[in-house]
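*Asks:* The following block contains the structure, expressed as structure tokens.
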Amino acid sequence: MAWGWGAGAHVGGADEGGVWIGCQQSAHWCGSGPCHRLPLRLQDNEVAALQPPVGNPYPRRELTHSTARPWRADDILANPPRLPDPQPYPGAPHHGSYLHFQPARPTSGPTHTHTHQDYQPVLHLVALNSPQPGGMRGIRGADFQCFQQARAVGLAGTFRAFLSSRLQDLYSVVRRADRTGVPVVNLRDEVLFPSWEALFSGSEGQLKPGARIFSFDGRDVLQHPAWPQKSVWHGSDPGGRRLTDSYCETWRTEAAAATGQASSLLAGRLLGQNAASCHNAFIVLCVENSFMTSFSK
């Protein structure tokens with residue numbers, strides 16, 4: 001028996017009381033139960049009210065097409081963008097391309113003019129801008145100060161602290177390929193040692209007569225009163241190997257009872273063997289750990 005709407009044989013039949021729901025043969029609900037009359041009153045057009053709407057209720061939207069000329073790679077080739085010329089660090093001469101550029105953010109404090117000879121490979125040895133006690137928050141804290149102060153004056157190389165520590169010997173701070181044949185110079189490119197390896201040749205890092213060491217802000221640490229004690233921390237033996245009982249507990253303490261290996265610059269040596277209290281505030285040097293060509297700078 002087919003299901004359907006209707007009254008008698010008419011589908012969708014209705015009267016004033018509502019709609020009859022049942023089979024085609026009588027106005028009865030053709031199921032397992034008795035016939036029922038649903039109290040539903042349809043509006044003016046009963047059949048239309050029950051039919052789905054005609055047409056698509058979601059009309060297709062026409063896509064608009066841009067009239068702009070499409071991008072072409074030839075446009076870039078024909079009209080390349082012009083970039084502003086980089087400005088060299090104030091005071092730097094315009095020779096070659098081996099220049100240090102001014103940092104993006106200006107920093108407070110004095111700055112120093114730094115120059116290079118054209119295409120000459122060198123490693124810079126520079127002092128931090130203030131003396132430091134033995135507690136420098138470890139080797140990473142000392143390295144970070146070197147990095148930060150080098151960037152502040154436009155030096156783009158990687159500078160590491162001139163210190164031995166628990167996991168490194170001073171000798172290994174510089175890249176192996178640059179330990180021979182590359183002079184070690186100060187901030188003004190005055191030669192201090194013919195090479196990094198020569199510093200550890202057994203003379204306790206004897207400096208050339210009249211050699212000067214400058215801080216990142218351009219002061220001579222041997223002459224300036226900001227460094228009342230003219231000694232430099234290193235924590236190493238003359239060959240640049242770490243001394244585990246004399247590096248201020250990996251440069252983390254400034255306790256008076258702890259000791260760190262230091263050297264007097266008044267004697268003209270960087271690797272003199274003097275065990276000093278970590279409470280002292282001495283010079284801390286930073287060395288450029290590899291030669292950077294003009295292309296990488």
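The values are calculated or read from the model by the stated rules, or taken from the named source; none is laboratory data. Here the structure is a predicted model, which is why all the values come from computation and not from measurement. As a convention, Cβ positions derive from the backbone with ideal geometry for all residues, glycine included, and neighbour counts pool all protein chains shown.
*Asks:* May I ask you to verify whether Arg252 is more than 33 Å from the chain's Cα centre (by Cα) and of a type in the set (D, E, K, R)?
*Replies:* No: the conditions fail for Arg252.
*Asks:* Quick one: what pairs do we get from region 122-143, first residue over 26 Å from Leu192 (Cα atoms), second part of a loop (DSSP other than H, G, I, E, B) and not aromatic (Phe, Trp, Tyr), C-beta under 6 Å, 6+ apart or different chains?
*Replies:* If the second residue must be part of a loop (DSSP other than H, G, I, E, B) and not aromatic (Phe, Trp, Tyr), the pairs left are Gly135/Arg252; Gly135/Thr253; Gly135/Glu254; Gly138/Arg252.
*Asks:* Among the residues of region 139-194, how many are of a type in the set (D, E, K, R) and within 25 Å of Lys208 (Cβ to Cβ)?
*Replies:* 9
*Asks:* Tally up the residues in region 149-181 that are hydroxyl-bearing (Ser, Thr, Tyr) and either over 25 Å from the mean Cα position of the chain (by Cα) or surrounded by 20 or more Cβ atoms within 10 Å (Cβ to Cβ) (or both), please.
*Replies:* 4
*Asks:* Scan Glu249, Glu254 and give me the residue that is surrounded by fewer than 20 Cβ atoms within 10 Å (Cβ to Cβ), assigned by TED's automatic domain parsing to the domain that holds Gly138 and in contact with a Cys (Cβ under 6 Å, 6 or more places away or on another chain).
*Replies:* Glu254 is the lone residue from the list that is surrounded by fewer than 20 Cβ atoms within 10 Å (Cβ to Cβ), assigned by TED's automatic domain parsing to the domain that holds Gly138 and in contact with a Cys (Cβ under 6 Å, 6 or more places away or on another chain).
*Asks:* Would you confirm, using the coordinates I've provided, whether Val221 is surrounded by 17 or more Cβ atoms within 10 Å (Cβ to Cβ), of a type in the set (A, V, I, L, M) and under 31 Å from the mean Cα position of the chain (by Cα)?
*Replies:* Judged against the criteria, Val221 is not a match.
*Asks:* Quick check on region 202-223. Is at least one of its residues out of contact with any Cys (no Cβ under 6 Å at 6 or more places or on another chain), within 17 Å of Asp169 (Cβ to Cβ), in the same structural domain as Arg151 (by TED's automatic domain parsing) and not charged (D, E, K, R)?
*Replies:* yes
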